[in-house]
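Below is one structure, written out as structure tokens; comments come after it.
The values are calculated or read from the model by the stated rules, or taken from the named source; none is laboratory data. Predicted model only: the values in this text are computed from it and were never measured. Every residue, glycine as well, gets a Cβ built from its backbone with ideal geometry; the counts of neighbours run over all protein chains shown. Note: accessible area is taken over every heavy atom of the protein model, side chains too, but ligands, DNA and RNA are not part of it. Shrake-Rupley method; radii C 1.70, N 1.55, O 1.52, S 1.80 Å.
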Amino acid sequence: MSSGGPAHRHTAPAPAPPPGAGGGRPRRRHRTRSGLKGWLYLLPALAVYGGFAIYPALSTLSFSFLEWDGVQAPAWAGLANYTRVVTDPLLAGAIRNGLVLIVFFSFLPIAIGLLMTGLLTARGGRGTTFYRTVYFLPQVLPLVAVGTTWRWLYSGGGAVNEFLAAVGLGWLARSWLADYHLALVALGLIGTWCMSGLCMVLFMSGAQKIDPALHEAAALDGARRLRRFLHVTLPGLRKEVGIAGVITTIAALASFDLVYVTTNGGPAGQTNVPALLVYRLAFNEGDVGAASALAVVLTLLVVALVSVIRLLAREK
């Protein structure tokens, strides 16, 4: 039965526009303006980084293909400088010495740091602050002061020889940094002393993040302290070991001030390292091309070793 009047129609509400429709263009404009503002904030830092890091690196790369003394007009040398880095016994020996120092600057400090971490965690945290302060002290001291001190300790009348004489090993006494066969080892042990505290502090910080329930579960299963350290603490320090490996490897290959103060590359070039030869070639001998090529090879070596360390330390 019809009412005779106009029918009342119930209209459904219009569907909402899909995301991105209608107001999408203003939103994109807003994101673009926000992105530009972000780049404006970053621009001062990028300018400083580009001027003091990227530009010098590119300049060094271009200089490595030149024969130039830094004053006269340069001449194109091609790959001659890189060939010299590989074939010249002085330059190749410096790279070999840098690789040897990795053992003392990286492997030994990491091992000592893990040992100290295991001993301190076994003590239940007693005396941790004291040991952290004492072992981290070499990182606070300038390396020039460290090198000067150890040069005196290693001298003929220094504390090392006096200690050897006191314990009946005086026949081993010598001027350690002047010994042709042992100078590099003596220099490397200074690096071990400097880096061990840093590794220990890194590992102690990582050990504190390990869930104590894992140690309690291992103890309930009958695992002793050594076994708990090998199967609970050590796997939990995987990232920290990788970080320590990167830092100490770079320190070994880029070492300059410590070598310059203690031995200056002697005796007879036995402690020459790449960074020291880059300085000598560029500023003492005026061979900018060879110095730049050695610097580029050193950079590539650092990048390669750091990449391998990060790959090995990556969590599976």
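Okay, here's what the table says:
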read-out	value
Dipole moment magnitude, nearest 20 debye, region 159-301 about Cα centre, only Lys, Arg, Asp, Glu C-beta charged	500 debye
Folded to 0 to 90 degrees: helix 24-49 orientation relative to the chain principal axis, Cα	10 degrees
Region 29-92, relative contact order in percent, only Cα pairs under 8 angstrom and at least six apart counted	17 percent
Average projection area in nm² (convex hull over Cα atoms of region 54-117, one quarter of hull surface)	6.8 nm²
Karplus 3J(HN,Hα) series, Hz, for region 172-181 with 6.51 cos²θ - 1.76 cosθ + 1.60 (x for Gly, Pro)	8, 5, 6, 7, 5, 6, 9, 7, 4, 8
Calculated P(r) tail over 23 Å for the chain, as whole % of Cα pairs	71 percent
5 angstrom amide H check on residue 154, placed H, neighbours 5+ away	none
Vicinal HN-Hα couplings computed from phi for region 269-283 (Karplus, 6.51 cos²θ - 1.76 cosθ + 1.60; Hz; Gly/Pro x)	x, 6, 10, 5, 10, x, 4, 5, 6, 4, 5, 5, 5, 7, 9
Sites matching chymotrypsin sites (Phe, Trp or Tyr not before Pro) across region 219-316 that sit in DSSP coil, with at most 13 neighbouring C-beta atoms within 10 Å	none
Excluding exposed DSSP-loop GluC sites (Glu not before Pro) (at most 13 other C-beta within 10 Å), longest clean stretch of the chain	1-284
Accessible surface, region 211-316, averaged per residue in Å² (probe 1.4 Å)	54 Å²
When the convex hull of its Cα atoms is projected in every direction, mean area for region 179-316 (nm²)	10.7 nm²
Quarter of the Cα convex hull surface for region 193-259, i.e. its orientation-mean projected area (nm²)	5.0 nm²
Rg/Rg_globular for region 21-141, with Rg_globular taken as 2.2 N^0.38 Å and Rg from C-alpha atoms	1.93
Accessible surface of the chain, 1.4 Å probe, proportion on carbon and sulfur as whole %	66 percent
Share of pairwise Cα separations in region 117-271, more than 22 Å, in percent	54 percent
Ordering of 40-46, 189-195, 97-103, 148-154 by burial proxy (mean other Cβ atoms within 10 Å per residue, highest first)	189-195, 97-103, 148-154, 40-46
Coil-residue trypsin sites (Lys or Arg not before Pro) of region 205-278, DSSP, other Cβ within 10 Å capped at 12	209, 224
Computed helical MRE - 222 nm, the chain, DSSP H runs ≥ 4 contributing -39500 (n - 2.57), nearest 500	-19500 deg cm²/dmol
J(HN,Hα) series, region 109-120, from Karplus relation 6.51 cos²θ - 1.76 cosθ + 1.60, nearest Hz, glycine and proline x	x, 5, 5, 5, x, 5, 4, 5, 5, x, 5, 6
